[in-house]
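Contents: one structure, followed by commentary.
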Amino acid sequence: MIVTGVILAIVAFAASVLTFFSGFGLGTLLLAFMLLYFPAEIAIALTAVVHLFNNVFKWWLTKSHIDAQTVLKFGLPAIIGAMVGVYALTFISHIPVLYKYSLQDHTHSISWTKIIVGSVMVIFVIWDWIPTFRKVEFSSSYQVVGGLITGFFGGLSGHQGALRSAFLVKGKLDKSTFIATGVAIACLIDITRIPLYINQVKKELLTTHTALLSVCIIAALTGSIAGNFWLQKVTFKNIQNIVAIMVMTMAILLITGIL
């Protein structure tokens, strides 16, 4: 567990810094590595806790720019969507394994949880990676629906950033307000889904992995602080390509039951 903690701390720090260069969010990057060590439900829940603390830090930095009206219009439906997403994850996690097979003396299993979470990972990596999809925007009149959908996927797998941005970008918010409002909404979704994960997915979450969570949170926050003070947020195409391929590989390994 010590080795795992050190590795995940390094990954959390690196993932936090990479958000400044790769065009992908902390949740997307950290979840891919969490899946190497934990079942999908636990990996999603652990990533959510780290994601929340990181967002609370960002909220503290940007709170003066938050647009309260947009937070209410988008955030309240997002809370409902997040609850539905968590219950959907809980439901599929209780469906029996679809198929088991052996590979090099190791038993692997394919389940609906792995298929759905892995597929969502692939979809959102493509969304963040391919320029055509990144340019998708929705009218501001769809913010309530956008909140529901964003919250749902936030609760189901933690993927919320791309959808949130697509629904908010036409809301006539300046750059600072857009970022701050998005962070506030992300905090609402995280605050909603984490207690539900603890109650619905795995009760052992806090007691078994408290130390690991603490290390990851500190590492991710350190990466965010370092990035905010010393780095300019810019996407390097080569880094983005490498990260996208890495995350998609993890997703495929999950879908096929190897993870």
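Checking the a/c ratio against 1.5 first, then a/b against b/c, what shape does the Cα gyration tensor give for the range 140-200?
Judged from the Cα gyration tensor, the range 140-200 comes out prolate (a/c at least 1.5, a/b above b/c).
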Practice prompt. Please get the size of the charge dipole for the chain, origin at its Cα centre, with Cβ charges of +1 on Lys and Arg and -1 on Asp and Glu, quoted in debye to the nearest 20.
Written response: 440
Item to complete: Would you look at the GNM of the chain, springs on alpha carbons closer than 10 Å, and say which of Gln69, Gln160, Gln240 moves the most?
Response: Gln69
Worksheet item: Using the alpha-carbon atoms, what tilt in degrees (0 to 90, nearest 10) does helix 68-93 show relative to the longest principal axis of the chain?
Response: 10
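Starting with the highest mean, order 122-135, 208-221 by the number of other Cβ atoms within 10 Å, averaged over the residues of each peptide. Write down the numbers at each step before the final one.
Working: 122-135: 15.7, 208-221: 18.5.
Ranked by mean Cβ neighbours within 10 Å, highest first: 208-221, 122-135.
Which of the three applies to the range 4-45, rounded, prolate or oblate, going by the alpha-carbon gyration tensor with a ≥ b ≥ c and a/c under 1.5 meaning rounded? Don't jump to the answer; show the numbers that get you there.
Numbers: a/c = 3.04, a/b = 1.46, b/c = 2.08.
Oblate, because a/c is 1.5 or more while a/b does not exceed b/c.
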Practice prompt. Mind giving me the FRET efficiency for Tyr87 and Ser214? R0 is 30 Å, r the Cβ-Cβ distance, nearest 0.05 is fine.
Written response: 0.60
Fill in: Per-residue HN-Hα couplings for the range 151-165 [Karplus 6.51, -1.76, 1.60; θ = phi - 60°; Hz; x = Gly/Pro]
x, 4, 5, x, x, 5, 9, x, 8, 9, x, 5, 5, 4, 5
Fill in: Net lengthening on full extension, Asp105/Ala14 (0.36 nm per residue, minus Cα-Cα)
29.5 nm
Worksheet item: By how many degrees, between 0 and 90 and to the nearest 10, does the Cα long axis of helix 40-62 differ from the longest principal axis of the chain?
Response: 20
Worksheet item: Helix 175-200 versus the longest principal axis of the chain: what is the Cα-based angle in degrees, 0 to 90, to the nearest 10?
Response: 30
Item to complete: For a footprinting-style exposure proxy, rank Glu137, Glu41 by other Cβ within 10 Å, fewest first.
Response: Glu137, Glu41
Worksheet item: When the chain is fully extended, how far beyond the present Cα-Cα distance does Ser141 get from Ser64, taking 0.36 nm per residue of separation?
Response: 25.2 nm
Practice prompt. Quick one: order Asp67, Asp174 by neighbouring beta-carbon count within 10 Å, fewest to most.
Written response: Asp174, Asp67
Fill in: Paramagnetic reach from Ala226 in the range 42-64 [backbone N under 17 Å; point 7 Å along Cα→Cβ]
54
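A short reminder: the numbers here are calculations on the coordinates, not readings from a lab. This is a predicted model, so every value here is computed, not measured. With ideal geometry, Cβ positions are generated from the backbone for all residues, glycine too; neighbour counts draw on all protein chains shown.
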